[in-house]
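Structure first, commentary second.
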């Protein structure tokens, strides 16, 4: 397979994965990616009222830590290497999971690979599980989140370093033609 074909297959795989998420997960991922880039119009695009506008403001404050989290990703996989990274990663993960928009590890992973980059992949199961176990997560949601962890997530022999290709974005509403 040529590299262009491989790129197209990966893009299609990422598109299919995104399409498999719930509407709420898709919306939250798109909004979160926009908030992470500190776009001034993120609130205008996504907030459907004052409550959501305030929530996006809180999310922007939490996401201000993304660059620091990227800088803390260790080269090795030792537990000593993880101590600086996992605290802030769990805090950010807990913020996102507490919103109740994610029902699966796959959607969380999809977002975090794009927010932080592929180097964070080895640490995502740990951060997800720790955040999902916090008492601030509703028990029913906690059960759903843990049930979404599959054996292949828990027992991965290695993690890809490839960059994600597909980054979903805000789509302008098209006026209905009469």
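So here's what we get for this one:
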quantity: Selection count, the stretch 8-39, where residues are farther than 18 Å from residue 103 by Cβ and in contact (Cβ under 8 Å) with a residue 60 or more places away in the chain; calculated: 7
quantity: Qualifying position, being surrounded by fewer than 20 Cβ atoms within 10 Å (Cβ to Cβ) and modelled with pLDDT under 95, among 80, 67; calculated: 80
quantity: Meets criteria (surrounded by 16 or more Cβ atoms within 10 Å (Cβ to Cβ), without any contact (Cβ under 8 Å) to a residue 12 or more places away in the chain and over 16 Å from residue 114 (Cα atoms)) for residue 47; calculated: yes
quantity: Residue list for the stretch 97-121, filter: within 8 Å of the chain's Cα centre (by Cα) and closer than 26 Å to residue 53 by Cβ; calculated: 107, 108, 110, 111, 112, 114, 115
quantity: Any hit, the stretch 27-39, residues being touching a helix residue (DSSP H, G or I) at 6+ places or on another chain (Cβ under 7 Å), surrounded by fewer than 18 Cβ atoms within 10 Å (Cβ to Cβ) and assigned to a helix (DSSP H, G or I); calculated: no
quantity: Test: residue 58 is out of contact with any helix residue (DSSP H, G or I) (no Cβ under 6 Å at 6 or more places or on another chain) and loosely packed, with under 15 Cβ neighbours inside 10 Å; calculated: yes
quantity: Subset of the stretch 65-84 (residues that are in a helix (DSSP H, G or I) and under 16 Å from the mean Cα position of the chain (by Cα)); calculated: 66, 67, 69, 70
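The values are calculated or read from the model by the stated rules, or taken from the named source; none is laboratory data. Keep in mind it's a predicted model, so treat the numbers as computed, not measured. Reconstructed Cβ throughout: ideal geometry from the backbone, glycine too, with neighbour counts over all protein chains shown.
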